[in-house]
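The values are calculated or read from the model by the stated rules, or taken from the named source; none is laboratory data. These figures come from a predicted structure and were not determined experimentally. Here the Cβ is made from the backbone with ideal geometry for all residues, glycine too, and neighbour counts use every protein chain on show. When the accessible area is computed, the model is the full protein with side chains, heavy atoms only, and any ligands, DNA or RNA have been set aside. Shrake-Rupley method; radii C 1.70, N 1.55, O 1.52, S 1.80 Å.
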Amino acid sequence: MPRITAARVIVTCPGRNFVTLKIETEAGVYGLGDATLNGRELAVASYLTDHVIPCLIGRDAHRIEDIWQYLYKGCYWRRGPVTMSAIAAVDTALWDIKGKLANLPLYQLLGGASREGAMVYGHANGATLEATIENALHYKRLGYRAIRLQSGVPGLASTYGVSKDRYFYEPADADLPTENLWSTEKYLRSVPPLFAAAREALGWDVHLLHDVHHRLTPIEAGRLGKDLEPYRPFWMEDAVTAENQDSFRIIRQHTTTPLAVGEIFNSIWDCKQLIEQQLIDYIRATVVHAGGITHLRRIAAFADMHNVRTGCHGATDLSPVCLAAALHFDISVPNFGVQEYMRHTAETDAIFPHGYTFNDGMMHPGDAPGLGVDLDEVLAGNYPYQRAYLPVNRLEDGTLFSW
Ligand code: KDG
Ligand code: MG
């Protein structure tokens, strides 16, 4: 059996922080797992180093399900983003090892390919409507079949989804949280004209998406969904916060715009009501924050029974290790919907050499054994951890709000 001989956490910051778990076996084969939790990276690093790794040494790396159950049930304190990201990292690294030992790319162990590639969506954004449309045209020229539109809101100095850099977006950009100002009224006025202009400029053969980022009430979300219906959005994401999931029923009563949620979910229990009651169309949970490939496959199977498709989170704070794992999952599950794809910087790509490719709006994980992604530890060592926070959001009168 491939006994686990060592495991360690590598934290690197090539412009943003990534936490990676490396598990080594006596067979000489190692596996990688992403454990990055944006803004709370060291909590997961400590959870792994201080509490999980001592329990792994000597175990059979092939027993992925048993190790998953051991870490989930065995710790008593089930669920939560820190615990589930740590379990995800172990799970992903073990699948990587299994693939390498079998000499097969991971998707072959997950039942093989259900499709030739995973359709991805890119992020078009800009400070103004015009700049966003220009950026969306750029994505269309690159071959994207699905494009997310986020624009600056007239009257607000900054908002979620609008990047300072032309090509890369990194919201966790300060060593203490920056503060944005928010107005729901101004925002609600700005999105329908953006979609109207996008359909005018891009036509109808491209999917258009939008992320509300948890900032509306159910009735406001119902109104936005209804206003966007003429432009046939692919989805409206995180229209409301998802703690009170009855909110989605109210949105459903008012609009046929498809709903996506779940990037901050970490367990199938977060998804249960929404999926079971068919209150959503896409589930956004992904490998790193939802317990790894083992748990995400369980979520996808449950979703498939209820006409819900997958739409894995793929922002830049999810490392190339997570993106590779997500792509293996995407091309294997029957109910795949779309994969988010925000390109990493050249520095990040150099630290994590990978085999996944983008072509004609689709991505493929490649056919290297395991995940098909590596970590250059020497290069990673040149970029030490830097504390970085996501912004907070306030209403114009100073009330703290959802970002
Ligand atoms: O760390 C937070 C980001 O991952 C999140 O804000 C990105 O909402 C997001 C998205 O849809 O990519
Ligand atoms: Mg989002």
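Quick one: in segment 334-352, of everything that is more than 26 Å from residue 149 (Cβ to Cβ) and open to solvent by less than 10 Å² (accessible area, probe 1.4 Å), which residue is nearest to ligand 2 (Cβ to nearest atom)? Here the answer is 352. The number of residues in segment 110-153 that are more than 22 Å from the chain's Cα centre (by Cα) and under 17 Å from residue 331 (Cα atoms) comes to 2.
Considering (1) on the phi > 0 side of the Ramachandran plot; (2) within 16 Å of ligand 2 (Cβ to nearest atom), the lone condition that residue 180 does not fulfil carries the number (1).
I need the full set of residues from segment 159-174 which are away from ligand 2 (no atom under 16 Å from the Cβ) and touching a strand residue (DSSP E or B) at 6+ places or on another chain (Cβ under 7 Å), in order please. Before the answer, list the steps.
First, the residues of segment 159-174 that are away from ligand 2 (no atom under 16 Å from the Cβ): 164-168, 173-174.
The answer is 174, and nothing else.
So that you can scan it fast, the table gives a plain yes or no per residue for (1) of a type outside the set (D, E, K, R); (2) within 15 Å of the chain's Cα centre (by Cα):
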| site | (1), (2) |
| --- | --- |
| 264 | yes, yes |
| 283 | yes, yes |
| 287 | yes, yes |
| 294 | yes, no |
| 304 | no, no |
| 313 | yes, yes |
| 319 | yes, yes |
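Pairs meeting the criteria (first residue in segment 196-209 and farther than 11 Å from residue 124 by Cβ, second residue buried (at least 18 other Cβ atoms within 10 Å of the Cβ) and among the polar types (S, T, N, Q), beta carbons under 9 Å, at least 6 apart or on different chains) are 197/132.
Checking the conditions here, which among 246, 238 is within 14 Å of ligand 2 (Cβ to nearest atom) and of a type in the set (D, E, K, R)? Working first, answer last.
Working: 246 fails: within 14 Å of ligand 2 (Cβ to nearest atom).
None of the other options fit; the residue is 238.
Restrict the check to segment 277-299 and report whether at least one residue is of a type outside the set (A, V, I, L, M, F, W, C), within 15 Å of ligand 2 (Cβ to nearest atom), surrounded by fewer than 24 Cβ atoms within 10 Å (Cβ to Cβ) and not in a loop (DSSP other than H, G, I, E, B). Yes, segment 277-299 contains at least one residue that is of a type outside the set (A, V, I, L, M, F, W, C), within 15 Å of ligand 2 (Cβ to nearest atom), surrounded by fewer than 24 Cβ atoms within 10 Å (Cβ to Cβ) and not in a loop (DSSP other than H, G, I, E, B).
Does segment 387-396 contain at least one residue that is within 16 Å of ligand 1 (Cβ to nearest atom) and in contact with a Cys (Cβ under 9 Å, 6 or more places away or on another chain)? Quick ask: steps written out before the conclusion?
Step one: of segment 387-396, the residues within 16 Å of ligand 1 (Cβ to nearest atom) are 387-393.
Keeping just the survivors that are in contact with a Cys (Cβ under 9 Å, 6 or more places away or on another chain) gives 388.
Within segment 387-396, one or more residues are within 16 Å of ligand 1 (Cβ to nearest atom) and in contact with a Cys (Cβ under 9 Å, 6 or more places away or on another chain).
Going residue by residue through segment 165-179, is there one that turns out to be of a type in the set (Gly, Ala, Ser) and modelled with pLDDT of 95 or more? Checked segment 165-179: no residue is of a type in the set (Gly, Ala, Ser) and modelled with pLDDT of 95 or more.
Looking only at residues in segment 5-19 that are open to solvent by 20 Å² or more (accessible area, probe 1.4 Å) and closer than 18 Å to residue 389 by Cβ, the one that is modelled with the highest pLDDT is 11.
Quick one: would you say residue 156 is in the same structural domain as residue 340 (by TED's automatic domain parsing) and farther than 19 Å from residue 138 by Cβ? Answer is yes for this residue.
Taking the conditions (1) more than 16 Å from ligand 2 (Cβ to nearest atom); (2) open to solvent by less than 10 Å² (accessible area, probe 1.4 Å); (3) in a helix (DSSP H, G or I); (4) touching a residue at least 60 places away in the same chain (Cβ under 8 Å) in turn, residue 322 satisfies each one other than (1). Within segment 346-353, none of the residues are out of contact with any helix residue (DSSP H, G or I) (no Cβ under 9 Å at 6 or more places or on another chain), farther than 28 Å from residue 258 by Cβ and of a type in the set (D, E, K, R).
For residues in segment 266-276 being open to solvent by 10 Å² or more (accessible area, probe 1.4 Å) and either closer than 14 Å to residue 245 by Cβ or outside the structural domain of residue 225 (by TED's automatic domain parsing) (or both), which is nearest to ligand 2 (Cβ to nearest atom)? Walk me through how you get there before you give the answer.
Here is the first cut: in segment 266-276, the residues open to solvent by 10 Å² or more (accessible area, probe 1.4 Å) are 266, 268-270, 272-273, 276.
Filter again for either closer than 14 Å to residue 245 by Cβ or outside the structural domain of residue 225 (by TED's automatic domain parsing) (or both), leaving 268-270, 272-273, 276.
On the way: 268: 20, 269: 20, 270: 15, 272: 21, 273: 20, 276: 23 Å.
Applying the filter and picking the extreme gives 270.
Within segment 95-122, residues that are not assigned by TED's automatic domain parsing to the domain that holds residue 147 and open to solvent by less than 10 Å² (accessible area, probe 1.4 Å) sit with their Cβ atoms under 8 Å from residues that are part of a loop (DSSP other than H, G, I, E, B) and among the β-branched types (Val, Ile, Thr), at 6+ positions apart or across chains, in these pairs: 97/29.
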